[in-house]
Amino acid sequence: MVWTSTAVVPLVCTTMLLATGAALDVGTSAPQVAIPHALQPVASSALEGRHDNEALILEFWATWCGPCVESIEHTNRLVQDAGPNVRVLWITDEAEEIAASFVTKHPLQGVVVIDDDSSLFEAFEVNSRPTLVVIDRAGIIRFIGHPKDLDSKTLADAISGKSLPEERQVGLMKNRNNPLLEVVITPSATGEFGKSQSAQHLDVEGQTLEMLLVDAHGLRGYPFVYEGTFPEYRYDAKIRRSNRDTSLEDLLARAIDDALGLRTTLELRRSAVFELRNVEFKGTPMSESHYSLSLGSDGVTAECSFGQLVEIFSMEAQRPVVDVTKLPGNYKFALTWKRGDLKSLKESLQALGLSLKETERDVERLVVRRKSENTVPSSRQASEK
């Protein structure tokens, strides 16, 4: 699995982000931004500005992110080989107690930073994880990408200020011979899932049609209506662009329709749904600016709004769940149920003073149709052409 993203800044304790018109990219000077508080007790100097001759490694991660957890051992080895005058920050936007519990079982080499308001994630334009960033001793960004794309030698080169080979970099296109726009969808070469995304590129691998549509339309919570049958093939997609006039998601949505011969439209449909209702809710109100969500094999622990939580319930119920609780803001939730067992979920909600009521109503669904027959190629069909 590969999840990556881009945009990075060095960190200091006393300054806010220095806004500049230039896009952040490999080979550019990194601006500065304030550091939120650290999880572990550390010397105050560890949260001061970047010192001369000090390199910086940032890893954006989360406890719920499978690829993040898988890459921890690799990053820890990189850190051990990095040598002196290298500061390492593991940046998460989860609740402090969630991160603290996690690191007791999964030690991280470096300082864990709790990005309470997601300001670092926003400054870095991070929209998928893990993302690792290397800033050399001169304050120049040398790498933005997945941790496993770095080995010890390449990291040493990045820290020392050497430009990495193009294939080791993720960033804006500098080669004027590169296309201004490139969109490619092919049957999957391996079928293995992966995702890599930055402000200027999107790569997905081994995705089903439904997974592609989720990425393209940003929809969650069982929103699809299929008119016709669609084979369960897997696809790879690649998008490169030199400007931001059109979003990567819009480009992907149009490419899916054109490449696979589909017509997708958002429509109001009369559908069987569950309404999430407030019977006598017993949750704890939380700050609206704080958000965390950890989905495990036996339930969910979250600090979020009902609107964010019903996405999980929709996938569990395999039909839309509509929030009619009329409870604004964020709340603290701790729900335990047997995953895939709707009765167990209902019982867990009942204990919290909530209920799921089966009914029908008009809801917005993404309707997927074929433009014509025989337009969705299989891997075998594609290889024969």
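Rule-based calculations on the coordinates, nothing more; no lab input. All of these numbers come straight from a predicted model, not from anything done at the bench. Methodologically, a virtual Cβ is constructed for each residue, glycine included, from the backbone with ideal geometry; neighbour enumeration extends over all protein chains shown.
Across the cross-link table entries Lys195/Lys238; Lys105/Lys338; Lys332/Lys357; Lys153/Lys238; Lys282/Lys346; Lys282/Lys332, which are compared at the Cα atoms, the separations over 20 Å belong to Lys105/Lys338; Lys332/Lys357; Lys153/Lys238.
Treating each Cα of the range 270-363 as an identical point scatterer and summing with the Debye formula, the log10 of I(q)/I(0) at q = 0.11, 0.20, 0.21, 0.26 Å⁻¹ comes to -0.28, -0.96, -1.07, -1.57. Computed from phi, the 3J(HN,Hα) profile of the range 130-147 under the Karplus parametrisation 6.51, -1.76, 1.60 (θ = phi - 60°) reads x, 10, 10, 10, 10, 10, 6, 6, 9, x, 9, 6, 10, 7, 9, x, 7, x Hz, with x in place of Gly and Pro. Backbone amide hydrogens, once placed in the peptide plane, bring Gly27 within less than 5 Å of Ile141, Arg142, excluding anything fewer than 5 places away on its chain. Residues whose amide H falls under 5 Å from that of Leu354, counting only those 5 or more places apart or on a different chain, are Val279, Glu280, with hydrogens built in the peptide plane.
Of all GluC sites (Glu not before Pro) in the range 300-374, which ones are in loop regions per DSSP and have a Cβ with at most 14 other Cβ atoms within 10 Å? For GluC sites (Glu not before Pro) across the range 300-374 that sit outside H, G, I, E and B with at most 14 neighbouring Cβ atoms in 10 Å, the list reads Glu373.
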